[in-house]
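Read through the structure below, which is laid out as structure tokens, and then see the notes.
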Amino acid sequence: MRINNDQIKASNKELLDVHKEDLVQLAKKHKNLEQIIDTIAKYNIAIPSWALGAGGTRFGRFGFGGEPGNLEQKLDDVAVINDLTGSANAVSLHIPWDIPGNAEAIKAKAHLLGLNFDAMNSNTFQDQQDQEHSYKFGSLCHTDKVVRDQAVAHNKEVIDQGVALGSKSLTVWLADGSNFPGQLNFRRAFENTLASLKEIYAYLPADWKMFIEYKPYEPNFYSMVIQDWGTSHMLAKDLGEKAFTLVDLGHHLPNTNIEQIVATLVTKGMLGGFHFNDSKYGDDDLSVGVIKPYQLFLIFNELVYGFDNNKANNPIPAWMIDASHNLKDPLEDLIQSVEAIETAYAKALLIDQKALEKAQLANDVVASQRILQDAFQSDVKIILAEARLRNGAALDPIEAYRKMDVRKELINERGMNNAATGL
């Protein structure tokens, strides 16, 4: 299905008068309101193709009906999110879950829907059907070069698929590691991984980037080959100027200061992108901002400051959601995540950075805290709503989604038994 302008206007009609009144009052409070609205209106976040169906755990998976059964239907679902939010005009694909049968036709469909393709994601953390060699004991780090070569070849295929679709980046996340002391020679595993990444890097087109993701544990629990941002940074520096670190918010040990990691990477010009999600215990892949909204706000504070003072010429990061949905309607969950990301961003834009710097230089801890918390406690719903309105989207995306009975329409079109590829 596709949401049309008349449906959007109808959903906005009863909210519009109150919204305009609220906006007038807000403009009296914030002198830079227009600039903030414009920044949010131009901001876009890539939707992961693998999160458009019902997610699951190792214990079970519960479908919703109307799930997208192929890549074409996944694009339709992303278009629904973009139509309602005005901020989701890109798709991030996972290969081989979403290999296009006809790349030109898929690219044309995406263009028609107002979408483009963000980072391509390789998958060597699973054995695929008819795969010759197993990744049970690693992929790019494997002791057997035949297995490493297979994993390198897969990443090259992902790049080829991305070139055909107009993507410009590759994300590499490895499950490689060990569960038992002595199982793996750490140095050999690191050297094998670097050598494998060098082969993949050499295959990158000139205008592409490589994002190297890290994770401290899971699926291996004694060691992971790329266990933290420092290891990712080292690998990226060894590879060359097209390689960067990717920060997944769920890929950290509890209470890690992620905002400090972000600040350091921007300072060194090495922040490539984000996988946004939230967590209580580990890599929970929950809706963005549902557990730690203040941490997300602090991360965006570092991003706002970092890109206003971008001495290392760090490129604008790739903004991507990486989530899994076991209970919620996936489209509602993704809409909530888009809103949470933009909420944190808008609040960070409200921070008086000059006043904060003055307080920091004076070592005024109380004033510094108040400046941050005043911005965090501000209600930015009107700002987000106005940004959406200017993009022709819904003032209240979730309410519009429900009033339009989108899930019911999808069930009518696709039935109850479709199961999307992905998590």
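A few notes on this one:
- Of the helices (runs of 4 or more DSSP H) contained entirely in the stretch 301-397, those carrying at least 3 residues that are under 30 Å from Phe64 (Cβ atoms), of a type outside the set (Asp, Glu) and out of contact with any Lys or Arg (no Cβ under 7 Å at 6 or more places or on another chain) fall at 330-349, 381-390.
- Test result for Trp50, within 25 Å of the chain's Cα centre (by Cα), assigned to a loop (DSSP other than H, G, I, E, B) and not charged (D, E, K, R): no
- Residue match in the stretch 65-84 (condition: acidic (Asp, Glu), assigned to a helix (DSSP H, G or I) and farther than 30 Å from Lys403 by Cβ): no
- The stretch 154-173: number of residues that are surrounded by 17 or more Cβ atoms within 10 Å (Cβ to Cβ) and either farther than 21 Å from Thr245 by Cα or hydroxyl-bearing (Ser, Thr, Tyr) (or both): 5
- If you go through the stretch 221-232 and pick out every residue that is surrounded by 19 or more Cβ atoms within 10 Å (Cβ to Cβ) and either among the β-branched types (Val, Ile, Thr) or touching a helix residue (DSSP H, G or I) at 6+ places or on another chain (Cβ under 7 Å) (or both), you end up with 3.
- Near pairs, Cβ below 6 angstrom, 6+ apart or cross-chain, from the stretch 58-82 (touching a residue at least 24 places away in the same chain (Cβ under 8 Å)) to any residue that is among the hydroxyl-bearing types (Ser, Thr, Tyr): Lys74/Ser49
- Evaluation of Thr39 against the conditions (1) in a loop (DSSP other than H, G, I, E, B); (2) over 19 Å from His275 (Cα atoms); (3) hydroxyl-bearing (Ser, Thr, Tyr) shows that the sole unmet condition is (1).
- Residue in the stretch 221-268 that is nearest to the chain's Cα centre (by Cα), counting only those that are part of a strand (DSSP E or B) and without any contact (Cβ under 8 Å) to a residue 40 or more places away in the chain: Val247
- Subset of the stretch 380-400 [within 16 Å of Gln7 (Cβ to Cβ) and either of a type in the set (Gly, Ala, Ser) or surrounded by fewer than 22 Cβ atoms within 10 Å (Cβ to Cβ) (or both)]: Leu389, Asn391, Gly392, Ala393, Ala394, Asp396, Ile398, Glu399, Ala400
- Number of the condition not met by Lys31 [criteria: (1) in a helix (DSSP H, G or I); (2) free of Cβ contacts under 8 Å to residues at least 40 places away in the same chain]: (1)
- So Gly422, is it within 23 Å of Met320 (Cα to Cα), in a loop (DSSP other than H, G, I, E, B) and either of a type outside the set (Gly, Ala, Ser) or at pLDDT 95 or above (or both): no
- Once the stretch 97-128 is narrowed to residues that are touching a His at 6+ places or on another chain (Cβ under 9 Å) and free of Cβ contacts under 8 Å to residues at least 40 places away in the same chain, the residue that is farthest from Gly166 (Cα to Cα) is Asp127.
- Of residues in the stretch 162-210 being among the β-branched types (Val, Ile, Thr) and outside any helix (DSSP H, G or I), the one nearest to the chain's Cα centre (by Cα): Thr171
- Out of Glu218, Glu199, one residue alone is touching a residue at least 40 places away in the same chain (Cβ under 8 Å), in contact with a helix residue (DSSP H, G or I) (Cβ under 7 Å, 6 or more places away or on another chain) and of a type in the set (Asp, Glu). It is Glu199.
The values are calculated or read from the model by the stated rules, or taken from the named source; none is laboratory data. If you're wondering where the values come from, they're calculated on a predicted model, not measured in any experiment. In this analysis, Cβ positions are derived from the backbone assuming ideal geometry, glycine residues included, and neighbour counts consider all displayed protein chains.
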